[in-house]
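Visitor: Got a structure here, written out as structure tokens. Questions coming.
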Amino acid sequence: MSSAPAIRPAGALPSSLTRRGSSPIPVVVVGGGQAGLSMSYCLGRRGVEHVVLEANRVGQEWRERRWDSFCLVTPNWQCRLPGYPYQGDDPDGFMVRDDIVRYLEDYVAFFRPPLAEGVTVTRLRRSPSGVFELATTAGDFTAEQVVVATGPYHTPSVPPMAQRLPDGITQVHSSRYRSPDQLPAGAVLVVGTGQSGCQIAEDLHLAGRQVHLAVGSAPRVARFYRGRDCVAWLDDMGHYDKSIDDFDDADAVRMRVNHYVTGRDGGRDIDLRAFARDGMRLYGRLTTITGTGLEFADDLKANLDHADAVAEGIKDAIDAHITAHGIDAPTEPRYVPVWEPNAQPRELDLEAAGITSVIWSTGFRRDHRWIEAPVFDGRGYPMHWRGATSTPGLHFLGLPWQYSWGSGRFEAVGRDAEFLADHIDASRRLADVCGTLTGAPSELASALPIG
């Protein structure tokens, strides 16, 4: 592996790059999370000069946007950053927040990327000559190629109806939730049942808080089935190697909500019906807020039934795999619902219910306004093929389902980085004598989207 400049102080660029003057940097990687660091490792292995710009510090998303009891929902053995798979002694466990941050920090210490922390890119555009112009908090410079590795979770998304809640109600987006202790005394309404919403509702429930949960359409998966973690079964079945090209509707797949489950306390199911049996109040999707009055859709039963059906469907697939391969695995009884919403509540008065806080687990919006390039569709999603866009030299890494299920995760972001590093290196070799990129390699060019 080629030597690389060590990490720089916040806001500083490696001296080898600042000395280039007006000469473009070969590759700039924007973002120093697991995607950006994976990209740096792969580029370094190929001897490609580059710099990684991180707006904050390594591990910022995990350190600052996760609650105190947060842990991964995928087993530790799926942490497979390039050259640095999980190093601990609990491969079947689930790393907690601080361990995830430490894993990334140890990765930096392992290969010493040319990383500049505290540098924000505020503008990116391609000049008529073909080089990229970057405006940053550390100054302006140019690059031959750019990899955007900032992930998909940029701006917390809260529905406009939140503005109609009374001033006395504490409102917190899931990215700012830390623990039950940060909230005032009283009941809590959690809106949204993706992974964050369900796990935060459980965190509050276990702390003895009265929780009201607005249930959405997210599916669930069992933690364990027939003697193994379901993730292990699905990995054996090739589920995580299936590419986006294997689906008829790639756009729909990329917008799918993740299945909810938890790795807490060694891992277990998240069963909203069990929560309801034990005192949590469940409702359908939140539709209207008028002062202290809330209204919900009549879809609670449908949403619970759908989540269960998905979980049982995964078990069906596991059963078929076990039978087809003659695997000796213990049998296990199927799930039986422990609670049914015989009366689906459609209204809730915050004051009467003693609710003092609302947690918005309603996701994030992408924010690529700083990128001035015709590579986005009508929803603001980057149009690409395996990270390569129709703007020569501009790439993305770490997007959900960029190529496979694990593209935005520790599990497979390294595979995407390896592919993109080969593409970038090949593109450099095709540069003309003036230094302007001539385009993508011929085997990729036909697959690139038209901007």
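The values are calculated or read from the model by the stated rules, or taken from the named source; none is laboratory data. Because the structure is a prediction, the values reported are computed rather than measured. Virtual Cβ from ideal backbone geometry, glycine too; neighbours counted across all protein chains shown. For the accessible areas, the whole protein counts, side chains as well, though only heavy atoms, and no ligand, DNA or RNA atoms are used. Shrake-Rupley method; radii C 1.70, N 1.55, O 1.52, S 1.80 Å.
Visitor: Of all the accessible heavy-atom surface of the stretch 221-283, with the other protein chains kept in place and a 1.4 Å probe, what percent is carbon and sulfur? Could the numbers behind the result be given before it?
Guide: Working: 1190 of 2910 Å².
Ligands and nucleic acids excluded, carbon and sulfur give 41 percent.
Visitor: What list of whole percents do you get for P(r) of the chain, with Cα-Cα distances grouped in 20 Å bins up to the one holding the largest distance?
Guide: Calculated over all Cα pairs of the chain, the distribution is 23, 52, 24, 1 percent.
Visitor: Starting from the 7 Å offset along Cα-to-Cβ, what nm value, one decimal, do you get for the label separation of E64 and K242?
Guide: 3.7
Visitor: So how far apart, in nm, are the two label points at D98 and N258 if each is 7 Å from Cα heading toward Cβ?
Guide: 2.2
Visitor: Another question about this same structure. Rounded to the nearest 0.05, what FRET efficiency do E105 and Q210 give with R0 = 41 Å and r taken as the Cβ-Cβ distance? Could you check? Write out the running numbers ahead of the final one.
Guide: Numbers: r = 38 Å, r/R0 = 0.94.
Result of the calculation: an efficiency of 0.60.
Visitor: While we're looking at this one, here's another question. Among G263, Q210, I289, which residue has its Cα positioned farthest towards the positive end of the charge dipole of the stretch 200-312, with +1 placed on the Cβ of Lys and Arg, -1 on the Cβ of Asp and Glu, and the dipole taken about the Cα centre?
Guide: Looking along the dipole axis, the top candidate is Q210.
Visitor: Between D249 and D367, with labels modelled 7 Å along Cα→Cβ, what's the label distance in nm to one decimal, could you check?
Guide: 3.1
Visitor: Go through Q402, V28, S69 and say which Cα lies farthest out towards the positive end of the charge dipole of the chain; charges sit on Cβ, +1 for Lys and Arg, -1 for Asp and Glu.
Guide: V28
Visitor: Once the Cα atoms of helix 97-111 and of the chain are each reduced to a long axis, what angle between those two axes, in degrees from 0 to 90 to the nearest 10, is obtained?
Guide: Roughly 20 degrees between the two axes.
Visitor: Run lengths n ≥ 4 of DSSP H only: what is the helix-derived mean residue ellipticity at 222 nm for the chain, with -39500 (n - 2.57) per run over all residues, to the nearest 500? Intermediate results must be reported in sequence, preceding the final value.
Guide: Details: 12 runs with 116 residues, N = 451.
My calculation for the chain gives -7500 deg cm²/dmol from helical runs alone.
Visitor: Mind ranking 306-317, 264-275 by how tightly packed they are, going by the mean number of other C-beta atoms within 10 angstrom, highest first?
Guide: Numbers: 306-317: 16.3, 264-275: 18.2.
So the order, starting with the most tightly packed, is 264-275, 306-317.
Visitor: Here's a follow-up. What do you get for the angle between helix 300-324 and the principal long axis of the chain? Use alpha-carbon atoms, 0 to 90 degrees, nearest ten.
Guide: Around 70 degrees separate the two axes.
Visitor: Taking the Cα centre as origin and putting +1 on Lys and Arg beta-carbons and -1 on Asp and Glu beta-carbons, what dipole magnitude results for the stretch 319-386, to the nearest 20 debye?
Guide: Numbers: 7 positive and 10 negative charges, 89 e Å.
My answer is approximately 420 debye.
Visitor: Hey, what's the chain come to in accessible area per residue, 1.4 Å probe, Å²? Could you put the intermediate results ahead of the total?
Guide: On the way: 19370 Å² over 451 residues.
I get 43 Å² per residue for the chain.
Visitor: Round to a whole number: what % of the accessible area of the stretch 113-213 belongs to carbon and sulfur, probe 1.4 Å? Walk me through the numbers on the way to the answer.
Guide: Values: 1860 of 3820 Å².
Of all accessible area on the stretch 113-213, carbon and sulfur atoms account for 49 percent.
Visitor: Out of A353, V119, F224, whose Cα points farthest toward the positive end of the dipole of the chain (charges: +1 Lys, Arg; -1 Asp, Glu; placed on Cβ)?
Guide: V119
Visitor: May I pose another question? By DSSP, what percent of the beta bridges with both residues in the chain are antiparallel, rounded to the nearest 5?
Guide: Numbers: 29 of 64 bridges.
Once the DSSP bridges in the chain are tallied, antiparallel ones form about 45 percent.
Visitor: Moving on to the next point. Within the accessible area of the stretch 310-378, what % is carbon and sulfur when the probe is 1.4 Å and the other protein chains stay in place? Could the numbers behind the result be given before it?
Guide: Values: 2130 of 4010 Å².
Carbon and sulfur: 53 percent of the exposed surface of the stretch 310-378.
Visitor: Sticking with this one: How many angstrom separate the Cα center of the stretch 332-397 from the Cα center of the stretch 31-53?
Guide: That distance is 28 Å.
Visitor: Also, I was wondering about something else. Distance between Cα centroids, the stretch 104-133 to the stretch 69-100: provide it in whole Å.
Guide: The two parts, judged by their Cα centres, are 25 Å apart.
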